[in-house]
Structure formats: structure tokens, C-alpha cells
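Comments concern the structure below.
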Amino acid sequence: MEEVYIEQPQGFENFHFLNHGFKLENALHGLKQAPRSWYDKLNTFLIENSLTLVKLIPPFYTKREGKDILIVQIYVYGLIFGAIDECLCKDFAKFIQEEFFIRLQIKQKG
């Protein structure tokens, strides 16, 4: 397997070794199986955290909280999610960022 190195991610810098990078133990990006591995990991995580899989193409997930519903749709390397209640969206964004260390671009309508 090819060795993959990355720059130190923002927020995870080692200030004693700023000119060093990180060797990835489990590199996914660029591999043929990357989309499937990403989907499997995310699917498991969402279901374990009370989201319900709706089997459509492409698949999406729902979570009900009172009268509101959160909808999450997975794409190859990304997510689209929304809810009427802004707090539900913010909570989900924080929750997913903490688990996967991803950056989110959040757009609000309305």
C-alpha cells in the first residue's frame, strides 16, 4: 500500500514540530474503495446515533425530535442536511464535525 502524508490539520498542530507532517495510518482518499469505505463508516455512525435510514437512491436519513425532523443525505465525500429548527441543524453540524474532523459549509435559507 502507498504511504500517504498530510500537513498538520488546523487545530491539531504540534508546535514543537511545525515543519513536520503526519503519516496516515488508514488513507482512504484516492483509493478505489474510498467511497464505499466512507459510506459504510458514516452509515454505521448515523444509525448508531438514532438516525433512520430511508432506502432510496441516493439514500438519506431522518431523525425526529418532537415536531421537527432532521434530514441527512450522503454523497460520495459529503453530506447535505437540513431541518426547520436551526438548533437541530447546528447540533448535527457540531456532532458530525467532532466525530469526523470535517469542515462544513453551512448555508441557511429563509
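The values are calculated or read from the model by the stated rules, or taken from the named source; none is laboratory data. No experiment lies behind these values; they were computed from the predicted model shown. We place every Cβ from the backbone using ideal geometry, glycine too, and count neighbours over all the protein chains shown.
Select, from Leu28, Leu46, Leu42, Leu79, the only residue that is modelled with pLDDT of 90 or more and within 16 Å of the chain's Cα centre (by Cα).
The conditions single out Leu46.
Here Ile57 passes the criteria (1) within 27 Å of Gln10 (Cβ to Cβ); (2) modelled with pLDDT under 85; (3) not in a helix (DSSP H, G or I) except the one numbered (1). For segment 44-71, the candidate set comprises residues that are without any contact (Cβ under 8 Å) to a residue 12 or more places away in the chain and of a type in the set (S, T, N, Q); within that set, the residue that is surrounded by the most Cβ atoms within 10 Å (Cβ to Cβ) is Thr62. Among the residues here, Arg64 does not qualify as at pLDDT below 85 and either out of contact with any strand residue (DSSP E or B) (no Cβ under 7 Å at 6 or more places or on another chain) or assigned to a loop (DSSP other than H, G, I, E, B) (or both). State yes or no: is Tyr5 surrounded by 11 or more Cβ atoms within 10 Å (Cβ to Cβ) and either modelled with pLDDT under 90 or under 14 Å from the mean Cα position of the chain (by Cα) (or both)? No.
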